[in-house]
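Laboratory data are not the source of any read-out in this text; all were calculated from the coordinates shown. Because the structure is predicted, anything quoted here is derived from the model rather than measured. Here the Cβ is made from the backbone with ideal geometry for all residues, glycine too, and neighbour counts use every protein chain on show.
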Amino acid sequence: MPQKPTSVAPHLRRLLELLAAGAPAEDLGAVAAEVRRSGADAQDLAEVEQAIEAALRVQSTLRQHRRREAELTALFDTAGDLASLRDLDAVLRSIVRRARMLLGTDTAYLTLPDEEAGDTYMRVTDGSVSELFQNLRLQLGEGLGGLVAQTARPYASPDYRTDARFHHTDSIDAGVLDEGLVAILGVPLLLGSGTGGHVIGVLFAADRSARAFSPDEVALLCSLADHAAIAIDTAKAMADTRVALAGLAEANAVIREHSAAMQRAEESHDRLTDLVLRGGDVSDVATAVAGLLKGDVAVHDGSGWPLTMVSRDGAALMGGIGEGASTADSAALVAAAESSRAAAHTVFHDGRWVCAVLAGQELLGCLVLYGRPELDGPDRRLFERSSVVTSLLLLLRRSVAETENRVRGDLIADLLTTPDRDPAGLVDRGRRLGIDLNRPHLLLVAETGAAGRERLASAAVQYLFGTVSGSVSAERAGALVLLLPYDGTGPGEAARGAAEQLTQLVGVPVTVAGAGPATGPRAIADAHAESSRCLRALHVLGRDGTGACAAELGFLGVLLGKDHDVDGFVAAALGPLLEYDAQRGTQLVRTLHAYFGCGGSLTLAKEELHVHVNTVVQRLDRIQALLGPDWNSPEQALEIQLALRLHLLSDG
């Protein structure tokens, strides 16, 4: 196919770009003028003009499609408003506003009959500026609206003032004149169809200049009027229903209230009694109270840390202890629980109800109710009764946990001192105590100062309340050992979580080191040794009151860890440089080694590398971009130099 001359092709491309950008018709027509000015021949000019005509047709078709899309969107939105009908006036205002927007008129309004006054009034207007027009009242049969209501058919007038088809009155004409309206379209709000249908109002769209309304515009306004009729009829039916229901509700209110109170009291008594008799847990109490009081319920320990949380439908809202908790929120709950203890009843604090859980004067924790802004007398007494049951269960749970922990502590002592003497016997003993040593476990070692050492063991028991079954703690060599089933949480993250919670429970900083996951007696004993070394390193580094694992201590982790993961350390320190050199054939690692080997001297490094000093500077800039701005700080530089030496040794 022969190629078009280059003098015309740019204009054709320009035409397509304007069409794609939605430019106005004037910009499309201006392309022909540009072609004439360029000196194109008559044939090229005719072809461009044909292309412009085709573009204008495409533009017109697209405009029609967009308008139709907007109309359908408005109808769908109106149907959605009806489906969620709450306020009739809001729905009618939305319909009138959409009518004005889609038809592009200056104003739109809707009239409804006033059965008591025997006339018609303006219910909703949009775009009106005349107070006289907005307060018009029309007698039946007057004006364009009267004709629409009588005939149940739409009528349009391009010039209302001179249109003799309607019965003009002084009041209507004065209002129309004050509003400045000229062209008016009115369609009926019909209920029913055929001879059984009747008009319940009229929807109008009007302009302040002469205008002829198209059949499509009339049909669109009729569709909106149908929605308005449905909305009005639905609202009326709902109002009648509400009146009837209100009468029935008022007659039965006292009976229902008394019956509900009796039923709730009986149900709560049965549930709480059954919990105590069958040895239920605090989560069972929370579930029962949530169902009875129709709210979310949480049980917190004495430090404000969550033990369990359930929704009103009984679903657990937290996967484990402390999930979603914060130090500030825990402190606020403890303060609220203290207020509840002092007042001897439930208190409302920060959008939730809090009731202290007491054993004598000891604060074991608190019961918290969410989602109930109001709590009447019967429900409040039920909530406070539930705290008594909760205190009994917490006391029992703590006593059982302390007893079991002492027995399990003997197992931990044998496991850490003589893991190889009878591994099968240790596994069997653990299984009888609910600890499966053949499953992966995390090993945490916790330590605190003399001020909190006596409280650490009991705090550990309290901390383990919220963990999965099979957790155990035991004292060893002045520190506390915690063995937890592995649930996917890394040892460093577990150590930090334990340090935070134990610090809150003890009241002084608690340092925790973690290792694992480890499976079997020997691996668990090795994990304990690694955790102990890591704990000593944390003290040396001045990181008391924190938690970590050996892998998070940089090159110290390589020295402290059981597996001495040299490759992992090198990858963590030099990984971006090694990958960059491998992909691009550069020598960033060699440059860095020369830079450190020359004591940080650029001049000596460039002689060592046999390159220009600017090349060394550029390579160091790239190294900084890959390793971060602190790559040359003393601490990081030490790790990088050690990683460089280990990398060279491994290559050798």
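For Lys236 paired with Gln134, estimate the spin-label separation in nm (one decimal), with each label point 7 Å from Cα along the Cα-to-Cβ line.
2.6
What residues qualify as long-range amide H neighbours of Arg439, i.e. H under 5 Å apart, gap of 5 or more or another chain, H built at 1.01 Å from N?
Residues meeting the amide H criterion: Gly520.
Can you tell me what the convex hull of the Cα atoms of the stretch 566-651 projects to on average, as an area in nm²?
Numbers: hull surface 21.1 nm².
With the hull built on Cα positions only, its mean projection is 5.3 nm².
Output wanted: per-residue J couplings in Hz (rounded whole) for the stretch 329-345, from phi through Karplus 6.51 cos²θ - 1.76 cosθ + 1.60, θ = phi - 60°, x for Gly and Pro.
Couplings: 5, 4, 5, 5, 5, 4, 5, 5, 5, 5, 5, 5, 5, 5, 7, 6, 7 Hz.
Using a Förster distance of 35 Å, how high is the FRET efficiency between Asp178 and His198, based on the Cβ-Cβ distance and rounded to 0.05? Walk me through the numbers before you get to the answer.
Numbers: r = 31 Å, r/R0 = 0.90.
So the FRET efficiency works out to roughly 0.65.
Of the listed peptides 517-523, 141-147, what is their order by residue-averaged count of other C-beta atoms within 10 Å, with the highest listed first?
Numbers: 517-523: 19.1, 141-147: 21.1.
Most protected by this proxy first, the peptides run 141-147, 517-523.
Work the Kirkwood hydrodynamic radius out for the stretch 419-560: mean of 1/r over every pair of different alpha-carbon atoms, inverted, in Å.
15.0
At a 10 angstrom cut-off on C-beta neighbours, averaged per residue, how do the peptides 244-250, 126-132, 300-306 rank from highest to lowest? Show your work: numbers first, answer last.
Values: 244-250: 9.9, 126-132: 15.9, 300-306: 23.3.
Top to bottom by mean Cβ count within 10 Å: 300-306, 126-132, 244-250.
Just to verify a number: FRET efficiency for Thr519 and Leu638, C-beta to C-beta distance, R0 = 41 Å, to 0.05? Working shown, then result.
Working: r = 35 Å, r/R0 = 0.85.
E(calc), rounded to 0.05, equals 0.75.
Quick one, what does Rg over Rh come out to for the stretch 279-399 if you take C-alpha atoms and the Kirkwood Rh?
Ratio value, two decimals: 0.92.
Determine the sum of side-chain charges near Val310: Lys and Arg each +1, Asp and Glu each -1, restricted to other residues whose C-beta is under 10 angstrom from that of Val310. Spell out each step's value before the answer.
Numbers: positive: Arg312; negative: Asp284, Asp296, Asp313.
That works out to -2.
Suppose a student asked you for the relative contact order of the stretch 85-239, using Cα pairs under 8 Å spaced at least 6 residues apart; what percent would you report? Please report the intermediate quantities before stating the final value.
Numbers: 289 pairs, mean separation 38.4, N = 155.
That works out to 25 percent.
Along the three principal axes, how long is the stretch 85-239 when you take its alpha carbons, biggest first, rounded to the nearest angstrom?
Principal extents (largest minus smallest coordinate, Cα): 41, 32, 32 Å.
Order of 110-123, 364-377 by packing, highest average Cβ count within 10 Å first? Intermediate results must be reported in sequence, preceding the final value.
Numbers: 110-123: 15.5, 364-377: 18.6.
Listed from highest to lowest mean packing, they are 364-377, 110-123.
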